[in-house]
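Notes follow the structure.
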Amino acid sequence: MSTIPSRWMTIGDFLLRRLEEAGVGHLFGVPGDFNLELLQQLQDAGTLKWVGNCSELNASYAADGYARLNGMGALLVTNAVGALSAINGVAGSYSEHVPVVCICGSIPLKSIDRGLGMHHTMADGTWDRFLGAYAQVTAAQARLTPHNAVTEIDRLILTAWREKLPVYVELPSDIAYLDIEVPQAPLVLAQPPSDPERLRSCVTAIAAHLSAAKSPAVLVDLDADRFGVAADVMGLAEKMRLPVAVISTAKAVIDETFPYYVGVYNGQASEPHTRAAIETSDCLLSIGYRPIEVTTGDFTAVLPANTIRAHSHSVDVGDDNYQAVTLKEVIRGVLDAVPHVTSRSVPQRPAATGALADGSARLTQAGYWQAVQGYLRAGDVLLLDNGTSYALLGLSLPPGCTFVGSINWGSIGYSVGALLGTLTAAPDRRHLLFLGDGSFQLTAQELSTILRHDHKPVIFLINNGGYTIERGYLGKTEQYNDIATWAYADLPRVLRPDTTARSFVVRTPADLAEALSAPNDTLIFIEAVMDPYDAPAAVMTSSNTGADIDYGPRGPQHRDNVQLRP
C-alpha cells in the first residue's frame, strides 16, 4: 500500500494544477465543444488565465512565443479540426526546441469504447489518426483515461520541460470531471542527474582540450538559451578569454556588449573576424549546434574537425561519446575545472559605420534598418518574421534583449501570434515586431487579440507589395509573388474602433524619424512603404544562392531578370 500523501481531484483540475506548478500562467486556444468542460474548470478554478485566439494556428504561435520567455507554454484545441490547425505551430516548436503542451479536447471515451461515430472525425471508426500525426512533431503523446491520467500528465509535462520540446495530450470530453487519486506533492521540474563517472570524465576531457589549445573558441546555438547555460558560457569565456560567436538562431543569447562576443557566425557570410575566430580555432566548443543552409551561409560553414559537440544530454569529444550527462552540469563543471587565462588576445569587433540618410529622399531598406538600429534599447523583446526583416540579424543589440524568430522552421506569419505570447509572458518589457506585408497577411487577425488585451508593442511593417524574399529566389515580377494591397496602418482602428493606438504611414526617413519619436504609451503601428525591388543585400544574396540549392543547374532561376539581385 502506498504511503505517498494523496488527495482526490478531477482529472481536468489535476491537469490544470500541474500546468500551474510547471510555471504556466496562461492558456491559449480556441473553444470547441470537446474542450469546453476543461475551459469551465479553468474558469471555476481561477488560477490559469484564458487567452482566446482567432485561430488554433495563431494559438500555437502564441504558446511558442510565451514559452520562450516564460519557460513553458500551453494551448487548448478541439479534436482533429483544431489539432490539425495547430500542428504547424507545434511542429515549429519542435524544430526550435520550445516546450509547449498542446491539450486537445477529444471525443468522449465512451464513443471510443463503443465505436460510436462523432463529428470532427473521419467518420470511419478510427480514433488514433491525430495521435499519430502528433507523434511526428512532439516528444511524447498520450490519450488520458481515468487509469493513466496521473502518470501520463506528469510524464508529458516533465518530458516537455526536460527535452525542451512540445508534447500532445488528448483529454476525452467525458472524463474531465471524474475524480481520481492524485499526489499531494507539487510537480518538481528537474533534469535527471548525470551519471557521476560520465560527467567527471566528460568535464575532464573538455577542460584538458580547452586548456591545451592556443586559440580555443565557443560557438552557440539556441540550446544555450533553452537549457539555461548562456551565463555559464559567458563565465567560461571570461575566465579563459575565449571568443564566443552565435549562429542566427541564437541571436541575443549572448550579450552583444560582452567583451568576448565576436558576432554571428554564418559561414562565408560572416564578418571576417568572426569567421577567423571560429574556423581557425584549434579547440572549438559548440553548444547545441544544428546546421541548416540558413544558418551556415548556404553550407559554407567550416567547423574545425576536432570540434567538441555538446548537446542537451550528450557530448562528443573526439572519438569519445558521453551519454547520461546534462548540458548545464557539463558547462558548469568545465567552468570550475579550467584555469584563469590572462594573456590571450581576443578578436575585436569593428565599429559600426554608416552615413546618415537624406531625410527627404524615398525610404530605403538601408535607411530603414539604420533608423531601427538607433531605436533599440536595453531589455527589448525583438520578434522578426521571415523575409527582409532578417536584416535585424545584422544589427547590434543592446544588453538584455531577447530575440524571437522562426529561423529553423521558417513559418511565415509566426511572429504575429508569437508577439501575443511574448507580451503575455512579459508585459513590462518593450516588444518590437518586425515583419513584411506578406507575412502579416497570414495571421493579421491576431492583432485584434493584442488590442483587446491593451498591449503596447511597436509593430514595424514593411509594405512593398508582396513576397520580396521570394522575388530574390524566383519570380521578380511575377504575379504569384504579389499580394492584395491593404491599408495596414488603418487596421488597429478597424479591429478595435475605440483604440488609442498610434498609426503611421512612412515614406521618407523624415517620416520614419517622426514615427519613432512617438511615445510608446499605447500600441504603435508603423507602415513603411518601400520599393518592391529593394531588399537588404545580404537577404538578396542568400535568396539567389538558395535558388541554386533548391532548383539545381537546370532551374528557371538562370533566366534573365527573374531574381532580385544585390
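The values are calculated or read from the model by the stated rules, or taken from the named source; none is laboratory data. Bear in mind the structure is a predicted one, so any value in this text is a computation, not a measurement. Heads up, the Cβs are rebuilt from the backbone with ideal geometry, glycines too, and the neighbour counts pull from every protein chain shown. For accessibility, only protein heavy atoms count, side chains too; no ligands or nucleic acids. Shrake-Rupley method; radii C 1.70, N 1.55, O 1.52, S 1.80 Å.
Tell me, which residue of the stretch 89-116 that is β-branched (Val, Ile, Thr) and open to solvent by less than 10 Å² (accessible area, probe 1.4 Å) is farthest from residue 421 (Cα to Cα)? Top of the filtered list is 107.
Looking for something in a loop (DSSP other than H, G, I, E, B) and open to solvent by less than 40 Å² (accessible area, probe 1.4 Å) - is there at least one such residue anywhere in the stretch 236-245? Write out each step before concluding.
We begin by selecting, within the stretch 236-245, every residue in a loop (DSSP other than H, G, I, E, B); these are 241-243.
Checking which are open to solvent by less than 40 Å² (accessible area, probe 1.4 Å) leaves us with 242-243.
Looking through the stretch 236-245, at least one residue is in a loop (DSSP other than H, G, I, E, B) and open to solvent by less than 40 Å² (accessible area, probe 1.4 Å).
In the stretch 208-229, of all residues being closer than 28 Å to residue 165 by Cα and assigned to a loop (DSSP other than H, G, I, E, B), the one that is farthest from the chain's Cα centre (by Cα) corresponds to 229. Residue pairs whose Cβ atoms lie under 7 Å apart, separated by 6 or more positions or on different chains, with the first residue in the stretch 508-527 and free of Cβ contacts under 8 Å to residues at least 40 places away in the same chain and the second among the basic types (Lys, Arg) and open to solvent by 30 Å² or more (accessible area, probe 1.4 Å), are 518/502. The residues listed here are 172, 183; of these, the one that is within 19 Å of residue 12 (Cβ to Cβ), touching a Leu at 6+ places or on another chain (Cβ under 7 Å) and surrounded by 13 or more Cβ atoms within 10 Å (Cβ to Cβ) is 172.
Considering each residue of the stretch 258-276, count those that are part of a helix (DSSP H, G or I) and of a type outside the set (Ser, Thr, Tyr), and give that number.
We begin by selecting, within the stretch 258-276, every residue part of a helix (DSSP H, G or I); these are 272-276.
Still in the running and of a type outside the set (Ser, Thr, Tyr): 272-273, 275-276.
The total comes to 4.
The set of residues in the stretch 264-276 that are farther than 22 Å from residue 97 by Cβ and open to solvent by 10 Å² or more (accessible area, probe 1.4 Å) comprises 268, 269, 270, 271, 272, 273, 275, 276. Contact annotation: residue pairs with Cβ atoms under 6 Å, 6 or more positions apart or on different chains, pairing a residue in the stretch 129-146 that is touching a residue at least 24 places away in the same chain (Cβ under 8 Å) with a partner that is open to solvent by less than 30 Å² (accessible area, probe 1.4 Å) and small (Gly, Ala, Ser), are 130/80; 130/83; 137/91.
Listed by position, the strands (runs of 3 or more DSSP E) inside the stretch 277-337 whose residues that are out of contact with any His (no Cβ under 6 Å at 6 or more places or on another chain), open to solvent by 10 Å² or more (accessible area, probe 1.4 Å) and not β-branched (Val, Ile, Thr) number at least 2 are 314-317, 320-323.
Looking at 449, 443, which one is of a type in the set (Val, Ile, Thr), within 19 Å of the chain's Cα centre (by Cα) and under 18 Å from residue 385 (Cβ atoms)? Working first, answer last.
Details: 449 fails: within 19 Å of the chain's Cα centre (by Cα).
The conditions single out 443.
Could you tell me which of the residues 212, 217 is more than 22 Å from residue 74 (Cβ to Cβ), surrounded by fewer than 17 Cβ atoms within 10 Å (Cβ to Cβ) and either without any contact (Cβ under 8 Å) to a residue 40 or more places away in the chain or of a type outside the set (D, E, K, R) (or both)? Sole residue among the options that is more than 22 Å from residue 74 (Cβ to Cβ), surrounded by fewer than 17 Cβ atoms within 10 Å (Cβ to Cβ) and either without any contact (Cβ under 8 Å) to a residue 40 or more places away in the chain or of a type outside the set (D, E, K, R) (or both): 212. Contact map, the stretch 59-73: first residue under 12 Å from residue 405 (Cβ atoms) and of a type in the set (S, T, N, Q), second residue open to solvent by 10 Å² or more (accessible area, probe 1.4 Å) and not in a loop (DSSP other than H, G, I, E, B), Cβ cut-off under 8 Å, separation 6 or more or different chains; the map is empty. Got at least one residue in the stretch 129-138 being among the basic types (Lys, Arg) and either open to solvent by less than 30 Å² (accessible area, probe 1.4 Å) or at pLDDT 95 or above (or both)? No, that holds for no residue. Among residues of the stretch 13-30 that are more than 22 Å from residue 58 (Cα to Cα), those with a beta-carbon under 9 Å from a residue that is open to solvent by less than 30 Å² (accessible area, probe 1.4 Å) and among the polar types (S, T, N, Q) at least six positions away or on a different chain give the pairs 13/41; 15/41.
Residue by residue, here is whether (1) modelled with pLDDT under 95; (2) surrounded by 21 or more Cβ atoms within 10 Å (Cβ to Cβ); (3) closer than 17 Å to residue 92 by Cβ holds:
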| residue | (1), (2), (3) |
| --- | --- |
| 395 | no, no, no |
| 417 | no, yes, yes |
| 423 | no, yes, no |
| 431 | no, yes, no |
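Taking into account only those residues within the stretch 469-504 that are farther than 13 Å from residue 440 by Cβ and among the β-branched types (Val, Ile, Thr), which is surrounded by the most Cβ atoms within 10 Å (Cβ to Cβ)? By that ranking, first place goes to 469. A search for C-beta distances below 9 Å between a residue of the stretch 223-244 that is at positive phi and any residue that is open to solvent by less than 20 Å² (accessible area, probe 1.4 Å) and at pLDDT 95 or above, counting only pairs 6+ apart in sequence or on different chains, returns 228/327. Being open to solvent by 10 Å² or more (accessible area, probe 1.4 Å) and out of contact with any Ser or Thr (no Cβ under 9 Å at 6 or more places or on another chain) is the filter here; which residues of the stretch 74-88 pass it? Across the stretch 74-88, the qualifying residues are 81, 84. Within the stretch 359-387, the residues that satisfy the criterion of being open to solvent by 30 Å² or more (accessible area, probe 1.4 Å) and under 25 Å from residue 441 (Cα atoms) are 362, 364, 366, 371. Scanning the stretch 117-128 for residues that are aliphatic (A, V, I, L, M) and surrounded by 12 or more Cβ atoms within 10 Å (Cβ to Cβ) yields a single hit, 118.
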